[in-house]
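Heads up, the thing below is written out as structure tokens.
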Amino acid sequence: MHEDLRDYIETEILPRYETFDAAHRTDHVRTVIEQSLTLAAHYETSEEMVYVIAAYHDLGLTDGRERHHIRSGELLAADETLRRWFTEEEMNTMREAVEDHRASAEREPRTVYGRIVAEADRCIDAETVLRRTIQYGLEHCPELDREAQYARCCEHLERKYADGGYLRLWIPHSENARRLEELRALIRRPEELRRRFDAIYDRENGR
């Protein structure tokens, strides 16, 4: 890894995540970076490219969630500083990978780089998924009371993670397949799901 590239990302890019909602701040992007580099070890890839793709993957949240993957790719492509380390072809590959990371995308990522960051971004751990879902609801729907937040949480879990949900996995070496089954088992146990929701909800509200 080029130290000057790492310094640039650490000082100029990652701090931007601190302005995002609690579910997408620096701890999230660092997790995606770590997971991306772990997954990339199974493939012939550039460590520097994987690192940059993961670092930029949610940067477009500055302009809203709906098109954030497209905006993130635009921000990467427009960053002239990155051209100190990468060719035009590599820049295009990284932009495509960032664009392809979104979980609700209807098609498979175009390259192995896109599959890696898409898989790493899943972060399928029941506690983490619940916490991030609750954080997002509290941040973006503060008018909802506990019961409405729980209903919103359940709807999101069913739509994305339950059997038949839109989430797709792309990397066979990932732990996500096993963790997804664990999360689906939790979704099928509403009493346990409610208990864990209440515990995290109270923590996030400082109760």
Order Thr81, Thr133 by their accessible area, 1.4 angstrom probe, all chains in place, largest first.
Thr81, Thr133
For the chain, with only Lys/Arg (+1) and Asp/Glu (-1) charged at the beta-carbon, what is the dipole magnitude about the Cα centre, in debye rounded to 20?
880 debye
So what is the accessible area of the stretch 125-190 per residue, in Å², with the probe set to 1.4 Å?
54 Å²
Calculate for the chain the 222 nm mean residue ellipticity that helices alone would give, adding -39,500 (n - 2.57) per DSSP H run of length 4 or more and normalising by residue count, nearest 500 deg cm²/dmol.
-18500 deg cm²/dmol
Which of Ala199, Ser36, His68, positive extreme of dipole for the chain (C-beta unit charges):
Ala199
Full-extension gain between Ala148 and Ile70, please, as 0.36 nm times their residue separation minus the C-alpha to C-alpha distance.
25.0 nm
Length released on extending from Asp125 to Arg107, taking residue separation times 0.36 nm less the Cα-Cα span
4.1 nm
Accessible-area value, Trp170, 1.4 Å probe, nucleic acids and ligands omitted, Å²:
60 Å²
Share of carbon and sulfur in the accessible heavy-atom surface of the stretch 1-105 [1.4 Å probe, %]:
43 percent
Determine the gain in length on full extension of the stretch Glu18-Arg196; use 0.36 nm per residue of separation and subtract their C-alpha separation, reporting nm with one decimal.
61.4 nm
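The values are calculated or read from the model by the stated rules, or taken from the named source; none is laboratory data. Keep in mind that this is a model prediction, so the values were computed, not measured. Every residue, glycine as well, gets a Cβ built from its backbone with ideal geometry; the counts of neighbours run over all protein chains shown. With ligands, DNA and RNA removed, areas are computed over all heavy atoms of the protein, side chains included. Shrake-Rupley method; radii C 1.70, N 1.55, O 1.52, S 1.80 Å.
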